[in-house]
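Notes follow once the structure below has been shown.
The values are calculated or read from the model by the stated rules, or taken from the named source; none is laboratory data. Please read all numbers here as calculations on a predicted model, not as lab measurements. Ideal geometry is used to build each Cβ from the backbone, glycine not excepted, and the neighbour counts take in all protein chains shown. When the accessible area is computed, the model is the full protein with side chains, heavy atoms only, and any ligands, DNA or RNA have been set aside. Shrake-Rupley method; radii C 1.70, N 1.55, O 1.52, S 1.80 Å.
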Amino acid sequence: MTQVRGCPVSHTEYGEDSELYHHYALLDAEREAARFHYNDTRPRGFYMLQRYEDVLEGFQKHAVWTTHARSALNPGSAIALLPQDLNGQDHVKLRRVLNPFFSPAAVKRMEELAHTRCVELVEEVLPKGECDFVAEFAIRYPTDLFLALLGLPVSDGEFFLPWSETLFAGFFGGDPRETEEARRKILDYFDTAVNERRAAPRDPKEDMVSRLIEARIDGEPISQEDILTICMTLMLAGLDTTRSALGYMFTHLATHEEDRRRIIAEPEVVPAAVEEFIRLYPLVFQAGREVQEPEDFHGLELEKGDVVWLGIAQANRDPRKYPDPDRFVIGRKGVNQNLAFGAGPHRCLGMHLARLELAVVLREWHRRIPDYRIRPGTVLTERGGQLTMPSLPLEWTV
Ligand code: HEM
């Protein structure tokens, strides 16, 4: 077998659409075949870390493995993201400004809105007896909450959503001209919103945009361009992920009646169920890092400039960490140590919000639509790159 620096070479393509769960099958097989792989499917090949302990250690090496390559699959992305693109003290300083808006206490304040919007959306689809869960519910819900977080009218979701969809598709091979046009429209939209806030500031403790305008980092204000990048990053990081998590959760629940019954009968287990769903179905299945200094990582010789793949999904489904990893076990030992949200200083800024959103949906949907099934004859698929289900047709009796 061909080797690069002692690693077996993998030609597995992780960016392509496939039938549902195919990526997990590939990832699990590669983790069990060898501790490390060198994947040669990209112009900058990457070294794959796949076991839980290795991936965790990789996230903790942030001082020397930086986000100059945010994704091993797309290390040279032209789209700037903040705070992701920062490292070291610059990153810490910006996270200090943003963290208060995403703390558990701040997120708790969003619970009422999350609840109200969820109920409205469920009640909209309920009388129809069917819906495409992804298009009609799972993406609309986080989009509305995202707009509310930024203090923008929820009704803007109608035109905002198609732009964000086009922009997101651009990360995974969409038309570059359309991507750029969508990016421009979104930035213009945020630009207007930020300028309105400059003219009429709100309470910076409650309003994130006002706080970003008012904040000083080393005595300097955050530039308009950076504020717009932060808004766009939150959009890119928060909408597709939440939609995807909901798709996998509801596919599971539609096909595992016992688990669905338990969530309905014991709503108090919902937070633990959310955590186990996040472990079992990680949709951001890898993060990338760029090596800044040569080193020997447990026998893997790395050089400056190498791209490393931190295999989030492989870690979460590693039997060395989670015995019988394919099973959904509410209350599983060590579930809170799963790496679906990453680890270390770049750990997901929105994780408490995501958990809240998912828990609210589990409770409120099942209160109103406890029994549902996937439309018979449906072939479910998933997008590669960063997993999401393009469609999930559900039906129920009304
Ligand atoms: C189930 C939902 C979500 C999952 C699985 C997820 C996953 C992740 C992962 C794995 C990272 C770390 C990437 C790395 O280390 O390179 C991350 C970072 C991030 N996430 Fe999330 N995320 C979710 C929801 C959200 C939401 C709702 C928001 C905001 C509204 C958000 C905002 C961010 C931001 C800003 C970062 C960058 C943090 C930094 O670099 O300091 N995410 N997310």
| said: Show me the ranking of peptides 92-105, 57-70 by mean Cβ neighbours inside 10 Å, starting with the highest. | reply: 57-70, 92-105
| remark: With only helices counted (DSSP H, runs n ≥ 4, each -39500 (n - 2.57)), the per-residue ellipticity at 222 nm for the chain, to the nearest 500, works out to -14500 deg cm²/dmol
| query | Amide H to amide H, which residues 5 or more places from ASP17 or on other chains are under 5 Å from it, using H placed in the peptide plane? | reply | GLY384
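Mind running the shape call on the range 234-372? Use the C-alpha gyration tensor, a ≥ b ≥ c as the square roots of the eigenvalues: rounded below 1.5 for a/c, prolate if a/b tops b/c, oblate otherwise.
Prolate.
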| said: Positive end of the dipole of the chain, charges at C-beta (+1 Lys, Arg; -1 Asp, Glu), about the Cα centre: which of PHE190, GLN286, VAL379 has its Cα farthest in that direction? | reply: GLN286
| message | Give me the percent relative contact order of the chain, please, defined on Cα pairs under 8 angstrom at least 6 residues apart. | response | 29 percent
| message | If I require 27 Å or longer along the helix axis, counting alpha carbons, and a Kyte-Doolittle average no lower than -0.5, what helices from the chain are left? Use full DSSP H segments. | response | 224-255
| field | Size of electric dipole in the range 338-398: Cβ of Lys, Arg +1 and of Asp, Glu -1, about Cα centre, debye, nearest 20 | value | 100 debye
| How big is the charge dipole of the chain about its Cα centre, in debye rounded to the nearest 20, if each Lys and Arg gets +1 on its Cβ and each Asp and Glu gets -1 on its Cβ? | 840 debye
| task | Taking H placed 1.01 Å from N in the peptide plane, check which residues at least 5 places from PHE297 or on another chain put their amide H under 5 Å from its amide H. | result | LEU302
| query | Which value, in debye to the nearest 20, gives the size of the charge dipole of the range 1-67 about its Cα centre, when Lys and Arg are +1 and Asp and Glu are -1 at the Cβ? | reply | 420 debye
| field | Packing-based order for 375-382, 18-25, using average beta carbon neighbours within 10 Å, highest first | value | 18-25, 375-382
| said: Could you tell me the relative contact order of the range 243-398? Use alpha-carbon pairs under 8 Å, at least six residues apart, and round to a whole percent. | reply: 28 percent
| task | Would you pull out the residues with amide H under 5 Å of THR388's amide H, same chain only if 5 or more places away, H placed 1.01 Å from N? | result | ARG383
| request: Can you quote the Å³ per residue value for the convex hull of the Cα atoms in the chain, rounded to an integer? | output: 140 Å³
| message | Please list, short to long, the whole-number percent of alpha-carbon pairs of the range 39-173 in consecutive 5 angstrom bins beginning at zero. | response | 2, 7, 12, 14, 15, 16, 14, 11, 7, 2, 0
| remark: Once the mean of 1/r over all distinct C-alpha pairs in the range 122-276 is inverted, the Kirkwood radius in Å reads 17.8 Å
| request: Give the residue from PRO345, ALA72, LEU82 lying farthest towards the positive end of the charge dipole for the chain; charges sit on Cβ (+1 for Lys and Arg, -1 for Asp and Glu) and the dipole is referred to the Cα centre. | output: PRO345
| Over what distance in Å are the Cα centres of the range 288-348 and the range 154-201 separated? | 32 Å
| query | In a shell of Cβ-Cβ distance under 12 Å around ASP306, excluding ASP306 itself, what net charge do Lys and Arg (+1) and Asp and Glu (-1) give? | reply | -1
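Considering only protein heavy atoms, what per residue accessible area in square angstrom results for the chain with a 1.4 angstrom probe?
Using a 1.4 Å probe on heavy atoms only, each residue of the chain averages 43 Å².
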